[in-house]
Amino acid sequence: MLIASTALILVTVAGYTLLCMASPFGTCRKCDGAGAKLTVNRAGKLKRVKPCRRCKGQGKRLRVGRRLHNHSREVHRAGSR
């Protein structure tokens, strides 16, 4: 049982690592990739109010795994100088 759960964890981590390598940016969860806060006006149409603060209007954010990878690279570079 322990071996199976360890293998499952390793496969999950490896899959997430490959995802971060192939696609380092993910959709912003706050604005759902729209890049702006959307509201519905009285006529029933969507209206952009202002850019999303988290993604700064881009609709994409750097994934956590990629952010950790970038930080570890910076620490390694700083320590090996």
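Annotations
- ALA34 passes every criterion in (1) at negative phi; (2) without any contact (Cβ under 8 Å) to a residue 12 or more places away in the chain apart from (2).
- Hits in region 21-42 (condition: in contact with a His (Cβ under 9 Å, 6 or more places away or on another chain) and assigned to a loop (DSSP other than H, G, I, E, B)): PRO24
Conditions tested, residue by residue: (1) exposed (fewer than 10 other Cβ atoms within 10 Å of the Cβ); (2) out of contact with any His (no Cβ under 7 Å at 6 or more places or on another chain); (3) assigned to a strand (DSSP E or B); (4) modelled with pLDDT of 90 or more.
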| position | (1), (2), (3), (4) |
| --- | --- |
| LEU8 | no, yes, no, yes |
| THR17 | no, yes, no, yes |
| GLY44 | yes, yes, no, no |
| LYS50 | yes, yes, yes, no |
| ARG61 | no, yes, yes, yes |
| HIS71 | no, yes, no, yes |
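- Restricted to region 43-66, and to residues there that are touching a Pro at 6+ places or on another chain (Cβ under 9 Å) and of a type outside the set (A, V, I, L, M), the residue that is farthest from ALA22 (Cα to Cα) is GLY57.
The values are calculated or read from the model by the stated rules, or taken from the named source; none is laboratory data. Just so we're clear, the structure is a prediction, and the values are computed from it rather than from any experiment. Cβ coordinates were reconstructed from backbone atoms using ideal geometry, including for glycine residues, and neighbour counts include every protein chain displayed.
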